[in-house]
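Engineer: Below are the structure tokens for one structure; questions will follow.
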Amino acid sequence: MTARVEFFFDLSSPWTRLAFHNLPDVLDRAGVTAVYRPILVGGVFNAVNPAVYAAREQADNRRLQHSWKTLKDWARLAGVPMNFPSEWHPAKSIAAMRFCCALEEDQAALVRFARGAFASYFDRQENLDDPAVLAAVADAEALDGAALAAAAGNDAVKARLRANTDEVITRGGYGSPTIFVDREDMYFGNDQLPLVEAALKRNLP
């Protein structure tokens, strides 16, 4: 199978958690694979989508309030636990995303770690910014948590996270998850996965 999909993601996003869960079925039906690309969504918001922060500060924001209900509805439909928001929301995700970048060359390991980290934050309400929590997640996924924590502090890993974030901004992204089909065709969020699937079927290689 050919990797025709790029999935730029940040572990702190509940909508990304849903898309991450739902994407494999889309890929299987289309007969393709994805490349998972860790980013820092806060860096994206700072650069091109600062309105996200303003919306969070509006206590009477009806759209934001309704989005929590919609999030739970999507989670129920997908059969995914969504014990959110927690005391750690909004999460600082830089440590978690450096862990992910340290695994980016091993996509299978990255997917395992991301799956475990999503469950840690959105199911068990653990602190996504705590390196000890992240190392425990890695250990539970048969990865070396201590070694991964050390690797996450390397300058090359930090640079990779910045480069991935800059890349998604340059290519038009404004949040997480940002999904590309065949490099140029961009989609955003869990609710656009049906459009991703349609594009994969429409644009057969």
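The values are calculated or read from the model by the stated rules, or taken from the named source; none is laboratory data. It should be emphasised that the depicted structure is a prediction, and the values quoted were computed from it without experimental measurement. For neighbour counting, all protein chains shown are included, and Cβ atoms are generated from backbone atoms with ideal geometry for every residue, glycine included. To get the accessible areas, we keep the full protein, side chains included, count just its heavy atoms, and leave off ligands, DNA and RNA. Shrake-Rupley method; radii C 1.70, N 1.55, O 1.52, S 1.80 Å.
Engineer: Please go through segment 40-59 and pick out each residue that is at pLDDT 75 or above and surrounded by fewer than 14 Cβ atoms within 10 Å (Cβ to Cβ).
Structural biologist: Across segment 40-59, the qualifying residue is only P50.
Engineer: For segment 60-73, what are the residues that are open to solvent by 80 Å² or more (accessible area, probe 1.4 Å) and not charged (D, E, K, R)?
Structural biologist: Across segment 60-73, the qualifying residues are Q65, H66, W68.
Engineer: Next question, about the same structure. Go through (1) of a type in the set (A, V, I, L, M, F, W, C); (2) within 19 Å of L161 (Cβ to Cβ); (3) touching a residue at least 40 places away in the same chain (Cβ under 8 Å); (4) open to solvent by less than 40 Å² (accessible area, probe 1.4 Å) and name the single condition A78 misses.
Structural biologist: (2)
Engineer: Output the number of residues of segment 81-101 satisfying the condition of being more than 15 Å from the chain's Cα centre (by Cα) and either open to solvent by less than 40 Å² (accessible area, probe 1.4 Å) or aromatic (F, W, Y) (or both).
Structural biologist: Looking only at that region, the number is 3.
Engineer: Looking at the structure I just gave you, is T170 open to solvent by 50 Å² or more (accessible area, probe 1.4 Å), of a type in the set (V, I, T) and at negative phi?
Structural biologist: yes
Engineer: Examine segment 109-125 for a residue that is among the small types (G, A, S), under 25 Å from A47 (Cβ atoms) and free of Cβ contacts under 8 Å to residues at least 24 places away in the same chain, and state whether such a residue exists.
Structural biologist: no
Engineer: Do you know which residues across segment 154-205 are among the small types (G, A, S), touching a residue at least 12 places away in the same chain (Cβ under 8 Å) and either under 13 Å from E6 (Cβ atoms) or assigned to a helix (DSSP H, G or I) (or both)?
Structural biologist: Those that are among the small types (G, A, S), touching a residue at least 12 places away in the same chain (Cβ under 8 Å) and either under 13 Å from E6 (Cβ atoms) or assigned to a helix (DSSP H, G or I) (or both): G172, G173, S176, A199.
Engineer: Take the residues in segment 127-167 that are among the charged types (D, E, K, R) and farther than 24 Å from F45 by Cα; name whichever of them is surrounded by the most Cβ atoms within 10 Å (Cβ to Cβ).
Structural biologist: E141
Engineer: Taking the residues in segment 104-113 that are farther than 13 Å from V35 by Cβ and among the hydrophobic types (A, V, I, L, M, F, W, C) as candidates, determine which candidate is surrounded by the most Cβ atoms within 10 Å (Cβ to Cβ).
Structural biologist: F113
Engineer: Are any residues in segment 9-36 over 21 Å from M82 (Cα atoms) and either basic (K, R) or under 8 Å from the mean Cα position of the chain (by Cα) (or both), and if so, which ones?
Structural biologist: R29
Engineer: Given the condition among the acidic types (D, E) and within 22 Å of L77 (Cβ to Cβ), answer yes or no: does some residue in segment 114-131 qualify?
Structural biologist: yes
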